[in-house]
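**Student:** Okay, handing you the structure first.
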Amino acid sequence: MRGFTLIELIASMVLMSVLAISLASAWVDAGQRVQVARDDLIAALFSAQQLAMARSDGVRLIVSAEHIDIRIDADGDALFSGAESVSAGGVQYPLNFPAGVSATAVVFDYDRLGRTAAAAVTLRGPRASAGVTVADSGYAY
């Protein structure tokens, strides 16, 4: 006799299903990490804008390749040192992007009215990317 038994066919189908599910979840996970990073960035932009409007100190949001940082110029020296990072909205900054996600480096300085220079930030992951645009009014989308 030649061919496969029913048990062998079912076992191979189960194995292929498990492999397909694990590959699909890895593909979806990469896209979700970029979305999480985008959501974190928009929340940080909003928090920095709100801090700038609530305080008389200068507020700077720094986007580097691997993290986001909000700093307040509490001592008035306009240097925004790492010791001046803040906790805003229940998040302690600097906040690292999820693994495998990087961003274009941009610095946003907010004035007392929540305005900043217009710029765009691109977030890139292994299989997905997303963009965030910041208008000079401070509005991020």
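Just so you know, all these numbers are worked out from the coordinates, no wet-lab data involved. Small disclaimer: the values here were computed from a predicted structure and weren't measured. Ideal geometry is used to build each Cβ from the backbone, glycine not excepted, and the neighbour counts take in all protein chains shown.
**Student:** Among the residues of the stretch 1-49, count how many are touching a residue at least 40 places away in the same chain (Cβ under 8 Å) and among the polar types (S, T, N, Q). Full working, then the answer.
**Tutor:** Start the filter on the stretch 1-49 by keeping residues that are touching a residue at least 40 places away in the same chain (Cβ under 8 Å), which leaves 27, 30-31, 33-38, 40-49.
This time we only want the ones that are among the polar types (S, T, N, Q), so: 35, 47, 49.
Residues meeting the conditions: 3.
**Student:** Then there is this: Filter the stretch 104-141 down to the residues that are out of contact with any helix residue (DSSP H, G or I) (no Cβ under 7 Å at 6 or more places or on another chain) and of a type in the set (Gly, Ala, Ser), then identify the one that is surrounded by the most Cβ atoms within 10 Å (Cβ to Cβ).
**Tutor:** For the stretch 104-141, the residue satisfying everything is Ala119.
**Student:** Further question: Looking at the stretch 50-59, is at least one residue charged (D, E, K, R), within 14 Å of Tyr110 (Cα to Cα), outside any helix (DSSP H, G or I) and under 24 Å from the mean Cα position of the chain (by Cα)? It would help to see each step written out before you state the result.
**Tutor:** Taking the stretch 50-59 as the starting set, the residues that turn out to be charged (D, E, K, R) are 55, 57.
Narrowing the set further to residues that are within 14 Å of Tyr110 (Cα to Cα) leaves 55, 57.
Those still in the list that are outside any helix (DSSP H, G or I) too: 55, 57.
Adding the requirement that they be under 24 Å from the mean Cα position of the chain (by Cα) leaves none.
Within the stretch 50-59, not a single residue is charged (D, E, K, R), within 14 Å of Tyr110 (Cα to Cα), outside any helix (DSSP H, G or I) and under 24 Å from the mean Cα position of the chain (by Cα).
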